[in-house]
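Asker: Following this message is one structure expressed as structure tokens.
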Protein chains: 2
Amino acid sequence: MSAIAQSAISFAPTTTTRVVASSSSALSSRRMSKTRNALRLSSSIPARHGKKSSLVVQAINPRSDAADAGKGQRVMIIGGDGYCGWATALHLSQRGYEVSIVDNLCRRQFDDQLGFNSLTPIKSIHERVRKWEEVSGRKIELFIGDVCDYEFLGATFEKFNPTAAVHFGEQRSAPYSMMDRSRAIFTQTNNVMGTINVLYAIKEFAPDCHLVKLGTMGEYGTPNIDIEEGYLTITHNGRTDTLPYPKQGGSFYHLSKCHDSANMLFCTKAWNLRCTDINQGVVYGIATDETMMHPDLINRLDYDAVFGTALNRFCIQAAVGHPMTVYGKGGQTRGFLNIRDTVQCIQIAVDNPAEPGKMPIYNQFTQQFSVNELAGLITEAGQKLGLSPEVISVPNPRTEAEEHYYNAKNSNLKDLGLEPTLLGDELLDTLMKTVIDYKDRVDQRLIMPGVNWKESQSVAKNITK
Amino acid sequence: MSAIAQSAISFAPTTTTRVVASSSSALSSRRMSKTRNALRLSSSIPARHGKKSSLVVQAINPRSDAADAGKGQRVMIIGGDGYCGWATALHLSQRGYEVSIVDNLCRRQFDDQLGFNSLTPIKSIHERVRKWEEVSGRKIELFIGDVCDYEFLGATFEKFNPTAAVHFGEQRSAPYSMMDRSRAIFTQTNNVMGTINVLYAIKEFAPDCHLVKLGTMGEYGTPNIDIEEGYLTITHNGRTDTLPYPKQGGSFYHLSKCHDSANMLFCTKAWNLRCTDINQGVVYGIATDETMMHPDLINRLDYDAVFGTALNRFCIQAAVGHPMTVYGKGGQTRGFLNIRDTVQCIQIAVDNPAEPGKMPIYNQFTQQFSVNELAGLITEAGQKLGLSPEVISVPNPRTEAEEHYYNAKNSNLKDLGLEPTLLGDELLDTLMKTVIDYKDRVDQRLIMPGVNWKESQSVAKNITK
């Protein structure tokens, strides 16, 4: 595990220090008021590695990193065996939240069906959870089953009695949803009906449970106006209303998330539920403090053209000497975030339950990049490691604008205390080095796009070249 | 059948006259340019019943009412056994369109399940189609099956090879969708996946086929700004875009139509399909020229609290001496249209195929009324017939605003030639008299609302009192 460097923000279960490159006045009064148990220690104390730091060290939110930060909270992670779900489950468990994982393991099945594999050698969910208990002394309760099976789901809510449910449990690949008709139907049925079931289960078995539901920034599409956080105040013909932001999903997957958001808003109002809707950007990175605590806890990393996403995939392509595959002109701009920020954001959302009947919406990303910008950053980082990354433009298999305006807001989570881990040299180095460690596991036949939006029909083509 | 009066606009298969209460200049040049084969006869000629009319008689669109108006068009009516679908199938068949009906007869099954019945004694679909051929000499091809069964649907598209498909084939009751969890899931699965199947079937088997898809005005909810037709031009922070109008469906049913619209817009663009999305208001009335041609062709009329809609239901309540059931304050305002206009609008939509890759959206209603206004109109009409209609306010079982701004646009279909049949005394008389003819068939236990939005859960209450 030596190649996997520790991140700039160290895991420190018994302390609450965090290094931030800002003055002590950086904490706005607004954030102070929203961050529970906030403290500021403006003294200059030793930072990690024993070096005297000139940065101001702040314990900005001692509760959030403390070993008992989640005391009294019972959090059900639906989809806890996936990329974001696994990291989130461990992050919360380590901080004293009682965590359960609900998962039908379909993500592993998709790999089996399509001949894919994670770059990293992930363990079975049973081994993962056992190892986590051994390493951390914390127990994660495991419920293997399908949210589309209401008998299972209802009984699970009744038994675990969560104070919060974090719902990652959906088919999350746009290309997968566009492979063929049956996968389009599967994606919308699985995602939309699964979420309706979760809403009913909360209503019937845990009415005070706060639902934190993962959507995607892709719900918005690429409008020619600024993207606000879920709602837009519109003045039209002299009258004004604040309405759901107009959505334009660009695949059956993205559309399934649009449908979820609309269904959830309705149920929140009709049933007075507590729901938070999160529109997450493209997640990158592999390391969180907890998944790095033992090799058996390592997270998955996808490089294939169906489940791999832009930044991670480009790193892997660079590492194995495959040209980075830019689709079309490469002007496609999206919001991105480190998986370390995913877990931090989810904790913030869980710690700030929505009021009954209201549905706050957060845009969960930290930076915007175009595909060309990403390819440029990874070229530089790769060159520093002695690689010679190349970039090629391949015909765009998607139906999307390749040059467009993009300006999305993301202040809600920052206002609640999010300290972003921005993409920098150190992080790219860490990621690239991890990737290089496992590059022999890469099947290069899985890299080129095999799913074309225009060609979706009854029978999928075999996408393994 | 004597009680069923002929409507003001007579059925005249061999003539093209229509009485309109307007001057000959009423036809705008815009409509003239869009109405195929438009003609104006400004002379004062005898109107029907032999009376000399002072109104200007215009043959405004001779093609649309001609016996060969639809020559060369093959129209598949999905949901052709339902209220709107049956009337539309006969209307188009009578005008020379080759018509097929695709239906799984689930509307009849809902009645069987819930102990409901149509006020009017409708015949089986097989008897209906046989009788239609006998009466009109026109054949309607019948395909009994489910749009959610893609093997059936694909084969049906391949066999019938439609130039247009009119898709009414969805579960269309908001209360039904709110009865319990399994009906919520059924409604969204049936409607959303059925429509995805139709889109795939067109793409695979009839790529030039024009899809005319029925949505609902209820997709918009009740925003505090004017409701435009499907799209809204928004200026925000100095930039402008035309985006899908923000939707706020108020039940799992309404939401299923929102999801359909979003899926359809995506497929239209990604696959270059021809699709028209229609947001229809609340349909009222029973008579169309064709359904009145023989008692065995009569259309269904629903008065129960699940499938009955405001205006029709109030008429039936007034006729049987049950107080009209206004939900809450009764300020709920919606768009309404006569079923005669439904069939006319669908013909207009079919005659004006969308361009590939574009999705025109029409708001299909002719007048706005609040529930209280409807109750007032029906009270007056009932009194003229010697009834003593009463109005009661019952607790609103829905989650909806009971007093709100409402101003929806509906010019697109008028621009294409729609001549609305507005709600007037004569129409209410006709409808009330039909209702009185069949009032002994009313089961009064089905009238009071039995489905409450807030109470939806795993097991539905028995809604028959």
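The values are calculated or read from the model by the stated rules, or taken from the named source; none is laboratory data. Every value quoted in this text rests on a predicted model; they were computed, and no experiment measured them. All Cβ positions, even for glycine, are placed from backbone atoms using ideal geometry, and neighbour counts span all protein chains on display. Surface areas here come from the heavy atoms of the whole protein model, side chains and all, with no ligands, DNA or RNA. Shrake-Rupley method; radii C 1.70, N 1.55, O 1.52, S 1.80 Å.
Asker: With both bridge residues required to lie in the protein assembly as shown, what share of the DSSP beta bridges run antiparallel, to the nearest 5%? Don't skip to the answer; put the middle values down first.
Answerer: Numbers: 24 of 100 bridges.
The antiparallel fraction comes to roughly 25 percent.
Asker: Would you mind getting the accessible area per residue of chain A, heavy atoms of the protein chains only, 1.4 Å probe, in Å²?
Answerer: Numbers: 16840 Å² over 465 residues.
Counting only protein heavy atoms, the per-residue value for chain A is 36 Å².
Asker: Separate question: Just to confirm the numbers: A:G321, label point 7 angstrom along the Cα-Cβ line, distances to the other copies in nm, shortest first?
Answerer: Computed spacing set for this position: 9.4 nm.
Asker: Name the residues of region A:193-219 whose accessible area, probed at 1.4 Å, falls by at least 10 Å² once all protein chains are in place instead of their chain on its own?
Answerer: Buried-area filter returns A:M193, A:I196, A:N197, A:Y200, A:K203, A:E204.
Asker: Using a label position 7 Å from Cα in the Cα→Cβ direction, what is the ascending list of nm distances from B:R130 to the same site in the other copies?
Answerer: The projected label point of B:R130 is separated from its counterparts by 6.9 nm.
Asker: Rounded to the nearest 100 Å², what is the sum over both chains of accessible area buried where B meets A, with a probe of 1.4 Å? Present the calculation step by step, with values, prior to reporting the outcome.
Answerer: Values: alone 19230 and 19240 Å², together 33660 Å².
Using a 1.4 Å probe on protein heavy atoms, the buried area is about 4800 Å².
Asker: While we're on this one: Evaluate the distance, in nm, between pseudo-label points positioned 7 Å from the Cα of A:K71 and of B:E455 along their respective Cα→Cβ axes.
Answerer: 4.3
Asker: Taking the Cα centre of each part, how many Å lie between region A:193-225 and region A:318-391?
Answerer: 22
Asker: To the nearest 0.05, how large is the calculated FRET efficiency for A:K358 and B:H404 if R₀ is 22 Å and r is the Cβ-Cβ distance? Before the final figure, lay out the partial values.
Answerer: Numbers: r = 19 Å, r/R0 = 0.88.
Efficiency for this residue pair is about 0.70.
Asker: How would A:W271, A:W132 line up by accessible area, probe 1.4 Å, largest first?
Answerer: On the way: A:W271 25, A:W132 0 Å².
Accessible-area ranking of A:W271, A:W132, largest first: A:W271, A:W132.
Asker: Please express the Cα-Cα pair-distance distribution P(r) of the protein assembly as shown as a list of whole percents, one per 20 Å bin, running from 0 to the bin with the greatest distance.
Answerer: Reading upward from the zero bin: 13, 43, 30, 12, 2, 0.
Asker: Any chance you could look up the accessible area of A:H236 with a 1.4 Å probe, heavy atoms only, rounded to 10 Å²?
Answerer: For A:H236, the solvent-accessible surface is approximately 30 Å².
Asker: Could you check how much of the accessible area of region B:156-246 is carbon and sulfur, as a whole percent, using a 1.4 Å probe? Don't skip to the end; give the middle numbers.
Answerer: Values: 1070 of 2310 Å².
After summing per-atom areas, the C and S share lands at 47 percent.
Asker: Here's something else I'd like to know. For region A:430-465, list whatever residues lose no less than 10 Å² of accessible surface once every protein chain is in place, relative to that chain by itself, with the probe at 1.4 Å.
Answerer: A:W453, A:K454, A:S456, A:Q457, A:S458
Asker: Hey, got the average number of other protein chain Cβ atoms within 10 angstrom for residues in A:250-262? Present the calculation step by step, with values, prior to reporting the outcome.
Answerer: Numbers: counts 3, 2, 5, 0, 2, 8, 3, 0, 7, 9, 1, 0, 10.
Across the residues of A:250-262, the mean count of other-chain Cβ atoms within 10 Å is 4.
Asker: Still on this structure, please answer the following. Could you tell me the relative contact order of chain A? Use alpha-carbon pairs under 8 Å, at least six residues apart, and round to a whole percent. Could the numbers behind the result be given before it?
Answerer: Numbers: 949 pairs, mean separation 84.8, N = 465.
About 18 percent, as a whole number.
Asker: How big is the C-alpha Rg of region B:30-455 next to the rule-of-thumb value 2.2 N^0.38 Å, as a ratio? All intermediate terms of the calculation are to be shown ahead of the outcome.
Answerer: On the way: Rg = 21.0 Å, N = 426, 2.2 N^0.38 = 22.0 Å.
Taking the Cα Rg and dividing by 2.2 N^0.38 Å, one obtains 0.96.
Asker: Now, a different point. Can you check what the net charge comes to around A:E373, using other residues whose Cβ is under 12 Å from the Cβ of A:E373 (Lys, Arg +1; Asp, Glu -1)?
Answerer: Working: positive: A:R334; negative: A:E380.
Every neighbour counted, the sum reads 0.
Asker: Kindly give the distances from A:K71 to its copy-mates, label point to label point, with each label point 7 Å from Cα along Cα→Cβ, as nm values to one decimal ordered shortest first.
Answerer: Counterpart label points of A:K71 in the remaining copies fall at 8.6 nm.
Asker: Turning to a different aspect of this structure: Would you mind telling me the share, in percent, of accessible area of region A:318-465 contributed by carbon and sulfur at probe 1.4 angstrom?
Answerer: Answer for region A:318-465: carbon and sulfur cover 48 percent of the accessible area.
Asker: I need the helices of chain B that pass two filters: whole DSSP H segments spanning 24 Å or more by Cα along the axis, and mean Kyte-Doolittle score no lower than -1.0.
Answerer: Numbers: long enough: B:252-271 (27 Å, -0.10).
Within chain B the helices that satisfy the rule are B:252-271.
Asker: Follow-up question, since we're still on this one. Would you calculate, for chain B, the mean residue ellipticity at 222 nm contributed by helices, counting each DSSP H stretch of 4 or more residues as -39,500 (n - 2.57) and dividing by all residues, to the nearest 500?
Answerer: Working: 15 runs with 155 residues, N = 465.
The helix contribution divided over chain B gives -10000 deg cm²/dmol.
Asker: Step through the table entries A:K358/B:K454; A:K247/B:K247; A:K454/B:K213; A:K461/B:K358; A:K123/A:K433; B:K71/B:K139, compare each Cα-Cα distance with 18 Å, and write down the pairs that go over it. Can you show the working numbers first?
Answerer: Values: A:K358/B:K454 16 Å; A:K247/B:K247 9 Å; A:K454/B:K213 21 Å; A:K461/B:K358 28 Å; A:K123/A:K433 21 Å; B:K71/B:K139 14 Å.
Long pairs (Cα-Cα over 18 Å): A:K454/B:K213; A:K461/B:K358; A:K123/A:K433.
Asker: Same structure again: For the pair B:L385/B:L422, report the inter-label distance in nm, with labels modelled 7 Å from Cα in the Cβ direction.
Answerer: Result for the modelled spin labels: 2.2 nm.
Asker: Out of the DSSP beta bridges found with both residues in region B:30-455, what percent are antiparallel (nearest 5)? Before the final figure, lay out the partial values.
Answerer: Values: 10 of 47 bridges.
Once the DSSP bridges in region B:30-455 are tallied, antiparallel ones form about 20 percent.
Asker: Ok, one more. Which aspartates and glutamates have a Cα less than 12 Å from the Cα of A:K257, not counting those fewer than 8 places away in the same chain?
Answerer: A:E170, A:E219, A:D277
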